[in-house]
Amino acid sequence: MSDVLTTMAYERARSVPEALVLLAEGGEDARPISGGQSLVPMMNLGLAAPAFLVDVSAVPGLRTIAVEGEHLVIGAAVTHAELTSDPLVAEHAPLLARAARQIGSQRIRNRGTIGGSVAHGDAAAELPVSCHVLEADYRIESATGTELRAAGPFSLGYYQTDLAPGELVTAIRVPLRPRHGWGFQEYSRRAGDFALASAAAGVRLEGDRIAEVAIAVTGAADRPVRLGELERSLTGQSVASAVRSVAGLAAELTVADDPYCAGADRARLIEVMVERAVRDACADVRKDRP
Ligand SMILES: Cc1cc2nc3c(=O)[nH]c(=O)nc-3n(C[C@H](O)[C@H](O)[C@H](O)COP(=O)(O)OP(=O)(O)OC[C@H]3O[C@@H](n4cnc5c(N)ncnc54)[C@H](O)[C@@H]3O)c2cc1C
């Protein structure tokens, strides 16, 4: 791809098959655009210069939210704002609603989409880390077929995801887990900024004991990170002792310094966010569920 933008073509796709044909025809120079809230700033900064934009934001098949079998299936062009207000998301994936409320400003949430967020791969973004904890998968379609890719390994590094030219994220599939409670916490210097650290947690309780727990964080690395060792150590503990056990997590993390924050400070922020997210997740477990 040329790094100098000379001309740019734009097509608004009306269906997924049409979008896939357009992307296949455009080859490496074609890019999907959805809300444009990350791609357009990157183009303004000269960091992306696609020759052909295929707008998928109004494709009806990408705008739906439905329960299908054991999953809540969210179309890729569902906006962050819609995640915050949709009743099915509130019922079956409340973590996504809570995380989406923290994204940018209302203007960003009105345009930005869940598919755009997971495809863009910002290491600090709220939705990929939440999808990791939810053990969601992504439906990826291209001219050659359809496959499902797990959310965790989909993030490959700063702004890098497991997507090839011509591939479109068409849906995010969240397993239904009615007995879990969920928590999301983040710290940013100013409201609406990208978070310096965030934590997403899901728990299932048996009585007062943690039977299952999943925790993932941003801020620790170039992608969302699952804290498998901590998850194992919290399993079987009472809620009170589990929350106390998170203390000391910062000492276990190796976080590099960067221009925004010293690594040790970020590690401490992660610890505090994890403690709060686990506490919230335990409080969120619905007592009226079987
Ligand atoms: C001021 C500002 C503040 C922001 N703050 C936050 C924040 O706090 N947290 C946060 O998470 N985000 C934040 N964002 C980014 C925002 O959430 C974006 O909406 C999101 O990152 C991308 O979604 P989009 O639909 O706008 O994608 P686009 O900008 O349209 O696309 C982003 C990338 O994804 C690709 N893409 C889009 N849709 C698809 C698809 N269906 N399949 C395959 N590839 C696709 C595009 O080709 C492009 O590479 C902020 C943005 C701005 C401008």
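What's the local net charge at L163, with K and R +1, D and E -1, over the other residues with C-beta under 15 Å away? Please report the intermediate quantities before stating the final value.
Values: positive: R31, R139, R149, R223; negative: E28, D122, D137, E141, E147, D162, E167.
Local charge sum for L163: -3.
Classify the stretch 158-203 as rounded, prolate or oblate from the Cα gyration tensor: take a ≥ b ≥ c as the square roots of its eigenvalues, call it rounded if a/c is under 1.5, otherwise prolate when a/b beats b/c and oblate if not.
Details: a/c = 2.99, a/b = 1.14, b/c = 2.62.
It comes out oblate by the Cα gyration axes.
Given the whole protein assembly as supplied and a 1.4 Å probe, what does the accessible area of M43 come to in Å², nearest 10?
40 Å²
Going highest first, how would you order 164-170, 76-82, 113-119 by mean Cβ packing within 10 Å? Kindly include the intermediate steps, with their values, before the conclusion.
Numbers: 164-170: 19.6, 76-82: 24.0, 113-119: 27.1.
So the order, starting with the most tightly packed, is 113-119, 76-82, 164-170.
Could you tell me what fraction of 2.2 N^0.38 Å the Cα radius of gyration of the stretch 105-224 comes to, as a two-decimal ratio? Write down the numbers at each step before the final one.
On the way: Rg = 15.3 Å, N = 120, 2.2 N^0.38 = 13.6 Å.
Cα-based Rg divided by the globular estimate yields 1.12.
Between R189 and E11, what FRET efficiency comes out of the Förster formula 1/(1 + (r/R0)^6) with R0 = 30 Å and r the beta carbon distance, rounded to 0.05? Numbers along the way, then the final one.
Working: r = 39 Å, r/R0 = 1.32.
Step by step, r from the Cβ atoms, then E = 0.15.
Among P17, T7, S155, whose Cα projects farthest towards the positive end of the dipole of the chain, with charges put on the beta-carbon of Lys, Arg (+1) and Asp, Glu (-1)?
It is S155.
Report the Rg/Rh value for the stretch 195-284, based on alpha-carbon coordinates and the Kirkwood definition of Rh. Please list the in-between numbers first.
Values: Rg = 12.8 Å, Rh = 13.0 Å.
With Rg and the Kirkwood Rh in hand, the quotient comes to 0.98.
Where the only charges are on Cβ atoms (+1 Lys, Arg; -1 Asp, Glu), what is the dipole of the stretch 1-108 about its Cα centre, to the nearest 20 debye? Intermediate values should be presented prior to the final figure.
Details: 7 positive and 12 negative charges, 85 e Å.
Here the size comes out at about 400 debye.
What is the local net charge at I65, summed over the other residues whose Cβ is closer than 14 Å to its Cβ (Lys, Arg +1; Asp, Glu -1)? Before the final figure, lay out each step's value.
Details: positive: R63, R139, R173; negative: E68, E82, D86, E91.
With Lys, Arg at +1 and Asp, Glu at -1, the neighbours total -1.
If a/c stays under 1.5 just call it rounded; otherwise compare a/b with b/c (prolate if a/b is bigger, oblate if not). Do that for the stretch 1-94, with a ≥ b ≥ c from the square roots of the Cα gyration tensor eigenvalues. Mind showing how you got there, number by number?
On the way: a/c = 3.25, a/b = 1.90, b/c = 1.71.
Since a/c reaches 1.5 and a/b is larger than b/c, the shape of the stretch 1-94 is classed as prolate.
If each DSSP helix of 4+ residues adds -39,500 (n - 2.57) and the sum is divided by the residues in the chain, what number results at 222 nm, nearest 500 deg cm²/dmol? Working shown, then result.
Working: 13 runs with 102 residues, N = 290.
Result for the chain: -9500 deg cm²/dmol, rounded to the nearest 500.
May I ask for log10 I(q)/I(0) of the stretch 60-175 at q = 0.14, 0.18, 0.20, 0.22 Å⁻¹, from a Debye sum over the Cα atoms as equal point scatterers with solvent left out?
The Debye formula, applied to the Cα set alone, gives -0.50, -0.85, -1.07, -1.31.
Please compute the length gained on full extension between T64 and A256, using 0.36 nm multiplied by the number of residues separating them and subtracting their Cα-Cα distance. Write out the running numbers ahead of the final one.
Values: separation 192, 0.36 × 192 = 69.12 nm, distance 4.00 nm.
Using 0.36 nm per residue and subtracting the Cα-Cα distance, I get 65.1 nm.
Under a Cβ-Cβ cut-off of 14 Å, what is the net charge of the residues other than A19 that fall near it, where Lys and Arg count +1 and Asp and Glu count -1?
-1
Tell me, in nm to one decimal, what length is gained between S105 and E229 on full extension, where the rule is 0.36 nm per residue of separation less the Cα-Cα distance? Please report the intermediate quantities before stating the final value.
Details: separation 124, 0.36 × 124 = 44.64 nm, distance 3.46 nm.
Net length gain for the segment: 41.2 nm.
For the stretch 9-55, rounded, prolate or oblate, judged on the Cα gyration tensor with a ≥ b ≥ c (square roots of eigenvalues), a/c < 1.5 rounded, else prolate if a/b > b/c?
Numbers: a/c = 2.94, a/b = 1.64, b/c = 1.79.
It is oblate, given that a/c is not under 1.5 and a/b is not larger than b/c.
For the ranges 237-249, 89-101, what's the packing order if you count other beta-carbon atoms within 10 Å of each residue, average per peptide, and put the highest first?
Working: 237-249: 16.3, 89-101: 21.8.
Packing proxy ranking, top to bottom: 89-101, 237-249.
Charges only on Cβ, +1 for Lys and Arg, -1 for Asp and Glu: so what's the dipole of the stretch 116-264 about the Cα centre, in debye to the nearest 20? It would help to have the intermediate numbers written out before the result.
Values: 13 positive and 19 negative charges, 89 e Å.
Taking the Cα centre of the stretch 116-264 as origin, the dipole is about 420 debye.
Could you point to the residue in A283, S245, A201 farthest towards the positive end of the stretch 195-284's charge dipole, with +1 and -1 charges on the Cβ of Lys/Arg and Asp/Glu respectively?
Value computed over the given set: A283.
For the chain, go through all pairs of different Cα atoms, get the mean of 1/r, take its inverse, and jot down that Kirkwood value in Å. Mind dumping the intermediate values first?
Numbers: mean 1/r = 0.0512 Å⁻¹.
Averaging 1/r across every pair of different Cα atoms and inverting gives 19.5 Å.
To the nearest 20 debye, what charge dipole does the chain have about its Cα centre, counting +1 at the Cβ of each Lys and Arg and -1 at the Cβ of each Asp and Glu?
Numbers: 29 positive and 37 negative charges, 189 e Å.
Taking the Cα centre of the chain as origin, the dipole is about 900 debye.
The values are calculated or read from the model by the stated rules, or taken from the named source; none is laboratory data. No experiment lies behind these values; they were computed from the predicted model shown. Neighbour counts are summed over all protein chains in view; Cβ atoms, including those assigned to glycine, are modelled from backbone coordinates with ideal geometry. With ligands, DNA and RNA removed, areas are computed over all heavy atoms of the protein, side chains included. Shrake-Rupley method; radii C 1.70, N 1.55, O 1.52, S 1.80 Å.
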